[in-house]
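What follows is a single structure, written as structure tokens, with notes after it.
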Amino acid sequence: MTSEDTTELEISLLLEAVYQKYGYDFRQYSKAHVNRRILNRMKLSGLEDVSQIQSKVLKDETFAYELLQDLSITVTEMFRDQDFYRSLRENVIPVLKTYPFIKIWHAGCATGEEAYSMAIIMQEAGLYERTTIYATDFNQHALNRAKEGIFSNAMMKEYTVNYQLSGGNESFSNYYTSNFDNVIMNQSLKKNIVWANHNLVTDSVFAEVHLILCRNVLIYFDTNLQNKVQKLFYDSLINGGILCLGSKESLRFTDLHEKYTELDKKQRIFKKKY
Ligand SMILES: C[S@@+](CC[C@H](N)C(=O)[O-])C[C@H]1O[C@@H](n2cnc3c(N)ncnc32)[C@H](O)[C@@H]1O
């Protein structure tokens, strides 16, 4: 057995230990992602091998929490991928308009920027009053921040440009109040967002929804896990419901490819067949 093989084995034992002790299941995450993050934590902590990480994780909850944060990449933006949001306004909003009430699920919402972007779009479309946005993640720390809706003022310049390029015509600063280095998002945007802890790997369907956004989450999963989570999305969508994936994600290699039509192939927007 080479030293790489030994490290692989140690990592799979570590993931098993994390699952058994804490219930977080990373066993089917992409190997490249998991290996990179674990080896990085090993160096940062001055540990010599993965077995030492395992021993520390089992005895030290603070360390386990740090590792959990390492494995959950929460990088996000408001109106990330402006062409996607443009297509959302053009191709998805007209479908949503036909429903008397609208339920939207942001799976893997990180610190909430995506859900606030959606609330803005729904408000501008005159649909927010009849919309509920469920924004979920398994990272409670990120969810707590999302719920506060407090973001760095320094980011607002970039988000304003993103918003405008996504087809927004209002003054973006109408959506928040500045307070020194931070901004706080308006209560009128927060009021129909339900923040909830939900793990895509171990939790089940919790609502029947009209639209799911799961962007830049499945890239961290292996093909089997992607298939499993796609099944969860399929079961959560109403017939004719819409699924939005990230720019590097696809339905092509999943068992459910045939069960959707493409609303916008380039922007990865799919409609569940009737
Ligand atoms: C890169 S962020 C994507 C944020 C946002 N969707 C976007 O595209 O800007 C990935 C998020 O997926 C979440 N995540 C990863 N595995 C998850 C799981 N099993 N269940 C729920 N959320 C998960 C992470 O905690 C993180 O917040």
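Brief remarks follow.
- Residue in the stretch 119-133 that is free of Cβ contacts under 8 Å to residues at least 24 places away in the same chain, in contact with a helix residue (DSSP H, G or I) (Cβ under 8 Å, 6 or more places away or on another chain) and of a type in the set (G, A, S) present: no
- Any chance K21 is open to solvent by 10 Å² or more (accessible area, probe 1.4 Å), of a type in the set (D, E, K, R), in a strand (DSSP E or B) and at pLDDT 95 or above: no
- Within the stretch 64-107, considering residues that are more than 11 Å from the ligand (Cβ to nearest atom) and closer than 20 Å to A196 by Cβ, the one surrounded by the most Cβ atoms within 10 Å (Cβ to Cβ): W105
- Residue selected from the stretch 112-142 under the condition among the hydrophobic types (A, V, I, L, M, F, W, C) and within 12 Å of the ligand (Cβ to nearest atom), by the criterion nearest to F233 (Cα to Cα): A135
- Some residue of the stretch 199-209 being touching a helix residue (DSSP H, G or I) at 6+ places or on another chain (Cβ under 7 Å), outside any helix (DSSP H, G or I) and within 10 Å of the ligand (Cβ to nearest atom): yes
- Matching option when the condition is over 24 Å from E249 (Cα atoms), touching an Asp or Glu at 6+ places or on another chain (Cβ under 7 Å) and surrounded by 12 or more Cβ atoms within 10 Å (Cβ to Cβ), among S30, S55, S51: S51
- Whichever residue in the stretch 249-270 is within 16 Å of the chain's Cα centre (by Cα) and modelled with pLDDT of 95 or more and, among such residues, is nearest to S72 (Cα to Cα): E249
- Count of the stretch 157-187 residues which are part of a helix (DSSP H, G or I) and in contact with a strand residue (DSSP E or B) (Cβ under 6 Å, 6 or more places away or on another chain): 0
The values are calculated or read from the model by the stated rules, or taken from the named source; none is laboratory data. These figures come from a predicted structure and were not determined experimentally. Note that we place each Cβ from the backbone using ideal geometry, even for glycine, and neighbour counts take in every protein chain shown. Side chains included, ligands, DNA and RNA excluded: accessible areas come from the protein's heavy atoms. Shrake-Rupley method; radii C 1.70, N 1.55, O 1.52, S 1.80 Å.
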